[in-house]
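First the structure, in the form of structure tokens, and then the observations on it.
Since every read-out is calculated from the coordinates, none of them should be taken as a lab result. Please read all numbers here as calculations on a predicted model, not as lab measurements. When we count neighbours, we look across all protein chains shown, and the Cβ atoms used for this are built from the backbone with ideal geometry, even at glycine.
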Amino acid sequence: MQDKYVLNCPFCGGTEVIESWQGGYGAVTAVNNKWGGAGLYHSICRNCGSVVRSYVKEPEKLLKKKDRR
Ligand SMILES: [Zn+2]
């Protein structure tokens, strides 16, 4: 996955996003693996502040070790 990507805000059409990271208590955890967890990243439109995209950088971390690739 590329870090840079073209993105159009569906709300205002803006193309500039600010990447932000939400860790700690905001981390997402898979429902079947309470020990795993990954920080949640947000792409926030610079123009209107909408969260255009939310994602985890390492989705594998949400899986139990034995289930990982
Ligand atoms: Zn926008």
Exercise. Which value in nm describes the separation of the simple spin-label points at Arg53 and Tyr41, placed 7 Å from the Cα toward the beta carbon?
Worked result: 0.9
Exercise. Can you list the residues, at least 5 places off or on another chain, whose amide H is less than 5 Å from the amide H of Gln22, using H built in the peptide plane?
Worked result: Leu40, Tyr41, His42
For this session: Lys and Arg at +1, Asp and Glu at -1: add these up for the other residues within a Cβ distance under 12 Å of Lys61 and post the number.
Result: +2
